[in-house]
Amino acid sequence: MSTIIDVAESSKAHANENEKAALISAPQRPGGWKKGIAIMDFILRLGAIAASLGAAITMATSDQILPFFTQFFQFEASY
């Protein structure tokens, strides 16, 4: 003869399983929006560097000469 006893699961045991699951999963980092702002800042800085280099190269390779005169002197400005 065998006897079967049904035991209901307590809420404490269920809460204990949730704590174990929380320990296994990676904790969320606070301040995730700060990382997003830092990435956008970096991208904008790269864009500014690219624009500055493009402007410097354009100025260096252009061939513009601006002559202007006064009563006694003749000047020529180029860049």
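The values are calculated or read from the model by the stated rules, or taken from the named source; none is laboratory data. Predicted model, so just to flag it, every value in this text is computed and none were measured. Virtual Cβ from ideal backbone geometry, glycine too; neighbours counted across all protein chains shown.
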Does at least one position in the range 58-70 carry a residue that is at pLDDT 90 or above and surrounded by 10 or more Cβ atoms within 10 Å (Cβ to Cβ)? no
I'd like to verify a number: residues in the range 33-52 that are under 10 Å from the mean Cα position of the chain (by Cα) and not hydrophobic (A, V, I, L, M, F, W, C), how many? 4
